[in-house]
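A short worksheet on the structure shown next.
The values are calculated or read from the model by the stated rules, or taken from the named source; none is laboratory data. All figures in this text were calculated on a predicted structure; none of them were measured in a lab. Heads up, the Cβs are rebuilt from the backbone with ideal geometry, glycines too, and the neighbour counts pull from every protein chain shown. With ligands, DNA and RNA removed, areas are computed over all heavy atoms of the protein, side chains included. Shrake-Rupley method; radii C 1.70, N 1.55, O 1.52, S 1.80 Å.
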Amino acid sequence: MLDVIKSRLLQGYRTGKFPYQAPKLPARFRGLPLLDNAKCSADCRACEQICPVGAIQKRAEGGIVLDCGKCIFCGKCETACEAGVIRFSSNHDLAVFERERLLRSDSSYSYELQPRDLVRRLCGRSLKIRQLSAAGCGACELDFNVLNTLAWDMARLHIQVVASPRHADCLLVTGPLSKNMLLALKKTYLSMPEPAFVIACGTCPISGGIFAGSEAVCDGIEETLKPDMYLPGCPPHPASILEALLRFMGRQTRPVLDTKGEDTKPH
Ligand code: SF4
Ligand code: SF4
């Protein structure tokens, strides 16, 4: 018994310092794509042709537009583009409040907190989430579930998962919404107290992701429920999910990020 207590004392505090410090991300992490359309060649379509999910389109005025709401962050376009137009940055902060903001054609970035007073007032101090898995591969659920572990411990930030939709402020949906899950999604949403907020977590609930076009899915939840926040990623990193939840609540817990997504102050 003494050995157990001693080893526990030696373990110290294991929960990560994010969001009070920048997250530690793996070297191969692909975050916010930055585009330099000035370098784009008029007769090249390499990225558009190689993208497995049709997330890139050539613009009539030149350059490309990359839809993060369809992107699965495979990185093939970055490799295919010899002109260096596309670069995936290490900025994990990917969530937006409007679908159109996922269409990227430059390297801009802005740190946005919840713009709606109602959401800030109701969810600013605590957020109760009902997670609904609407098909998908399970990776988004895993990266969300990990926020409940010792390493991330989102409860310390007053964010909790609840078992019943009747106790939830917010429905966090993962997966492309299979037709079999359509009724379950509607019933879950209707069971929530008003106003019920919706977060689309992962590329699948935004556009269908890799399942888009299948007759078994609805290509995302947009036609059924309008999300109040869109978080792309396949899957989104836990840091991206936690950052999104905090911004959804309107909580700024550390120095704001600069235009490249770096913390403005060193820690
Ligand atoms: S990283 Fe995104 S935009 Fe680029 S090829 Fe992959 S899915 Fe398409
Ligand atoms: S977005 Fe990607 S990781 Fe998430 S459920 Fe869909 S396929 Fe899986």
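With the crude spin-label approximation of a point 7 Å out along Cα→Cβ, what separation in nm comes out for ALA139 versus LEU2?
It works out to 4.9 nm between the two label points.
In region 100-138, whose amide N lies under 11 Å from the spot 7 Å out along Cα-to-Cβ of GLN49? List them in ranges.
Label zone hits: none.
Roughly speaking, to the nearest percent, how much of region 117-249's 1.4 Å accessible area is carbon and sulfur?
Here carbon and sulfur together make up 54 percent of the probe-accessible area.
Taking 0.36 nm per intervening residue step and subtracting the Cα-Cα distance, what contour gain separates ASP117 from SER41 on full extension? Walk me through the numbers before you get to the answer.
Values: separation 76, 0.36 × 76 = 27.36 nm, distance 4.42 nm.
The ASP117-SER41 span can extend by a further 22.9 nm.
Do the sum for the chain: with -39,500 (n - 2.57) for every DSSP H run of n ≥ 4, divided by all residues, what is the mean residue ellipticity at 222 nm, to the nearest 500 deg cm²/dmol?
Rounded to the nearest 500, it is -6000 deg cm²/dmol.
Around VAL217, under 15 Å between beta carbons, what's the net of Lys plus Arg minus Asp minus Glu among the other residues?
After counting each charged neighbour, the total is -2.
Once neighbouring chains are kept in place and the probe is 1.4 Å, which whole percent of the accessible area of region 33-91 is contributed by carbon and sulfur? Intermediate results must be reported in sequence, preceding the final value.
Working: 1420 of 2950 Å².
Carbon and sulfur together cover 48 percent of it.
For LEU132, enumerate residues with amide H under 5 Å from its amide H, sequence gap 5+ or separate chain, H modeled in the peptide plane.
Those lying under 5 Å, H to H, from LEU132 are LEU172, VAL173, THR174.
I'd like the antiparallel share, as a percent to the nearest 5, of DSSP beta bridges with both residues in the chain.
40 percent
Probe of 1.4 angstrom, ligands and nucleic acids ignored: what's the accessible area per residue over the chain, in square angstrom?
Values: 13690 Å² over 267 residues.
Accessible area per residue, the chain: 51 Å².
For a Förster distance of 30 Å, can you work out the FRET efficiency between the beta-carbons of LYS186 and ASP153, rounded to the nearest 0.05?
That gives a FRET efficiency of 0.40.
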